[in-house]
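The values are calculated or read from the model by the stated rules, or taken from the named source; none is laboratory data. Here the structure is a predicted model, which is why all the values come from computation and not from measurement. Glycine gets a Cβ as well: all are built from the backbone with ideal geometry, and neighbour counts include every protein chain shown. For the accessible areas, the whole protein counts, side chains as well, though only heavy atoms, and no ligand, DNA or RNA atoms are used. Shrake-Rupley method; radii C 1.70, N 1.55, O 1.52, S 1.80 Å.
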Amino acid sequence: MALRSGENMQLTCEYLKEPLGVQNPKPRFAWRVNGEWENTVQVSYRVHVWRGEQEVWDSGEVFSNRSCAVEYDGLPLAGRQRYRWQVQVSLRRWSEPEPCARLQGESCFETGLLDAAAWQGSWIQMPCAQQGVSTLVRKTFTVADLPKLARIYISGLGYFEAYLNGKKIGSSVLDPGWTDYRKTVLYRCFDVTALLEKGENVLAVELGEGWYGHRHEGMKKLVNRYPAWLGTPRLLCKVALDDTCFSTGADGSWLCSAGAVRENSIYDGELYDARLEKAGWRDRGYRPQPQEWSPAVEAGAPAGRLVCQLMPSIEVVRELKPAYLAYTEDEDYKLVADFGENIAGWVQIRVKGSAGGSVTLRYGEVLNADGTVNQKNLRYARATDTYILGEQEAAVYHPRFTYHGFRYVQIEMTAGVMIEEVRAHCVHTAVKRASAFDCDNELLNKIYDAMLRTEQNNLHSVPTDCPQRDERLGWINDMTVRFEEGLYNFDMALFYEKWLNDLADAQDPDTGAIPDTAPYFFGDLPASHISSVLVLLPWFYYQFYGDLQPLRRHYEAMKKYVAFKASQRDGAGLIIDRFCGEWAPPMTQALLMRGVDALPANIPAPIITTGYLYYDYYIMEKAAGVLGLPEEAACFAAEKEQVKEAVNRAYLNREEGCYGTNVQACNIFPLFLDIVPPDQKERVLRNLLLNIVDENQYHTTTGNQMTKYLYELLNREGLDDIAYRLAGQTTYPSLGFMLENGATTIWERWENLTGNYMNSHDHPMLGAFTIWFLKALGGIRDESGLAVGGIELRPSVPEGLNRVTAAYETTRGTVRCSWKKEADRLLMTVQVPWNAEARVRVPDGYACAGGERTLLMGPGCCEVFLTRE
Ligand code: BGC
């Protein structure tokens, strides 16, 4: 059979098309087929990799349908090299055994700087850097002949922006990603071939404080310490022009000066004084004045290992015009812009006026009664940018070393200053969407949109809790329930891989304990014992991406963490302390006047903490299984049983058929974990339903953890009619209530609060359950073979909902499941991606003509009519 070369194939290495800076010794290859051969499945594959003319790997023909996370297994990869790779696949029609086509695709990847020595340079900094003032670094160099390949490897802490000959290198902002710089420092690798010119070239870099220089006084007040990695802005960079390289060093050729950014802080914002601009400093032909520029000095190297940042960078993803713009009534004459939705990012203004005039931008999520911006819930974050006009006629300004969470901005101008244009830039890690959802209940569609927005607003190289106040941290307890929502809605492979490394960096190597946040400087160590994301995420990663590398890499850390948690049990086998969850339940369920009224009043902590230990063992057992460690799996299974017994012994009330205080969370977790003895299960479930339906008229009383598990449980028990009524609720407490009260993103609290304490309006955790839309209504379930191509679709069709479309982008292509009620029948349309097959369960209450309860479908689109039973 002829081998066809392929425009029909999409190839990725390390989840990227032709990546630069690959540092993984076993990069992962993946491919997809589209176009003419989209409706086939793979019989076998063969991967070849070359460096120049030398073949460094030939996988041989592998008879397997694996088309993602195929690990390189050839000669050791060398640093800063270009590798060419090719995959050949043989394909067959799904219904026929014999191959029908052979396709071939080709791509390449480049390795990064594999160790510190490869940089051949040192970190540099400004001789006397001033806190908050940006550092400008400038270097000129001459190019006689334009190189074929030019690369720049660069890391500037806290944030850098780099320019070559006046043009910005790359489209990212707020680079590099945040890490614990004592453990890991990220660098970027850019292709700058097209930016070079013959003759003089100038590389210009501006450095801001970022998290590296985060000396924020709020931190002192809140946690009484600064981050342990704190330092002043510094730069490391290596330029490679074919085989000629130069790097940063205190050799006199790298010049530094102070920038026009006079204050910059992630929480507080930026102060930019255009009068202090050094016009043209990034361009060729600029002549630095010795009184303004001085040679860079060597800076200490941060202790962290240098790792190339492959995850999507933070970008200006969207621009918004104000939906409403008005002057406030008071005599100060302030302009307030409403962008119509809560976003993360900044405002860009076009402004005119004379030098020394200024514009102040105050950001906020809500308004005061008088129409001004309310910043109370930002706590110690000032979230204010100030622009002081220079000599130019007109200027365009937005900050670059900060970001804010806001829907409104209040613009204050000094006399004579005119604002010509106001725009909001949505700024976040530019992950690609992976899901789609639409149904005939507009409220559910709006909730889904609000969830997507909230998730995106909270991706800034770390999955943050909120984008606006003095936190913006990777809270591990929130992530324990939220990560799965991220996996469903966005392509998180590289982002989560990076954050798992942050988690591992945050682990105490001696005890195995992890802190409350990663990267860590806020919250406690050990974390609240509900922080199982370190165990859960590598497993779910495998479910979504078919990739075992993170699981393998973190298996020991997972084991250690679980052993630590187990060691925290008391004589009765229960974990009593540290417990901050079921955080932020409705205040009617909270311990009032304690902390921030977010601790649940009626839930014995060990049901949740010890319950999580059970969940950990359950996952560890599976993980050990797939890693080929059956003895370890057996140990985890035995431990799991003991934990189950301990919880049941202490909290199962056999007389009443309930756990603990019989509030929702107490019964949800044991049911979700499936640890309820079989003879009690029906009664516990009945008690839970009585609580939801009779006592709370279809409302949840749960907080950040159990809401999600409730929906999972209802789905598993065939109770999606109840889940649907809960999801569509519009009275307090519910997401519908938030939306009816003007929310465009999910709030941190079920209540509508605007005061001076914990009430972010952009907090993903309470919306984590919305994956029920995709999992239950769309039937697309992660644990059912998404990554291995044997997908099980199990849509539910609740009373009152007439139409659903749900889709998810698998590693093989899009899986889509739609259904529509028509008189007495149901029309189902299923799209199965290339190289997959789907087992579609006929929804309860419907039947198909042949009487089957499960339909098997190959790649392509298929329609089925089902009749009402
Ligand atoms: C964070 C929460 C987190 C909580 C735990 C808060 O400040 O924003 O999302 O779960 O602290 O203590």
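Quick notes
- Cβ-Cβ FRET estimate between Asp242 and Asp438, R0 fixed at 41 Å, reported to 0.05: 0.20
- Cross-link partners for Lys640 among the lysines, with Cα-Cα distance under 19 Å and sequence neighbours closer than 8 places in the same chain left out: Lys559, Lys560, Lys565, Lys622, Lys681.
- Working ranking of peptides 776-782, 287-293 by packing, defined as the average number of other Cβ atoms within 10 Å per residue, highest first, is 776-782, 287-293.
- Counted charge near Leu276, where neighbours are those whose Cβ lies closer than 14 Å (Asp, Glu -1; Lys, Arg +1): -4
- Peptides 243-252, 379-388, 15-24 ordered by packing proxy, namely the average of other Cβ atoms within 10 Å per residue, highest first: 379-388, 15-24, 243-252.
- Surrounding net charge for Lys560, when Lys and Arg each add one and Asp and Glu each subtract one, Cβ distance under 11 Å: -1
- Spatial separation of Cα centroids for the stretch 289-311 and the stretch 826-853, in angstrom: 58 Å
- Of the DSSP H helices in the chain, those whose Cα atoms cover at least 30 Å axially and whose Kyte score averages 1.6 or more: none
- Sequence-separation-based contact order of the stretch 136-271, relative, with Cα cut under 8 Å and 6+ spacing, percent: 35 percent
- Rel. contact order, % - alpha carbon contacts under 8 angstrom, at least six apart, the stretch 3-110: 35 percent
- Antiparallel %, DSSP beta bridges [both residues in the chain], to 5: 90 percent
- The apolar share of the surface of the stretch 763-818, taken as the fraction of accessible area on carbon and sulfur atoms (1.4 Å probe, ligands and nucleic acids excluded), comes to 43 percent.
- Rotationally averaged projected area of the chain (alpha carbon convex hull; nm²): 38.5 nm²
- Annotation: per residue accessible area for the stretch 3-110 equals 46 Å², rounded to a whole number [probe 1.4 Å, protein chains only].
- Each Cα pair under 8 Å and six or more residues apart adds its sequence gap; the mean of these over the residue count of the chain is a relative contact order of 10 percent.
- Calculated FRET efficiency for the pair Val693/Glu656, C-beta based, R₀ 22 Å, to 0.05: 0.80
- For the pair Tyr286 and Thr140, label points projected 7 Å from Cα toward Cβ lie 1.2 nm apart.
- Candidate residues His398, His425: accessible-area rank, largest first, probe 1.4 Å: His398, His425
- Cβ crowding within 10 Å averaged over residues, with 725-732, 613-620 ranked highest first: 613-620, 725-732
- Mean ellipticity per residue at 222 nm, deg cm²/dmol - from DSSP H runs of n ≥ 4 across the chain, formula -39500 (n - 2.57): -6500 deg cm²/dmol
- Overall form of the stretch 3-110 per C-alpha gyration tensor (a/c, 1.5; a/b vs b/c): prolate
- The dipole here belongs to the stretch 791-868: it is taken about the Cα centre, uses +1 on the Cβ of Lys and Arg and -1 on the Cβ of Asp and Glu, and is about 60 debye.
- Per-pair calculated FRET efficiency, R0 = 51 Å: Val62 and Arg649 via Cβ, rounded to 0.05: 0.55
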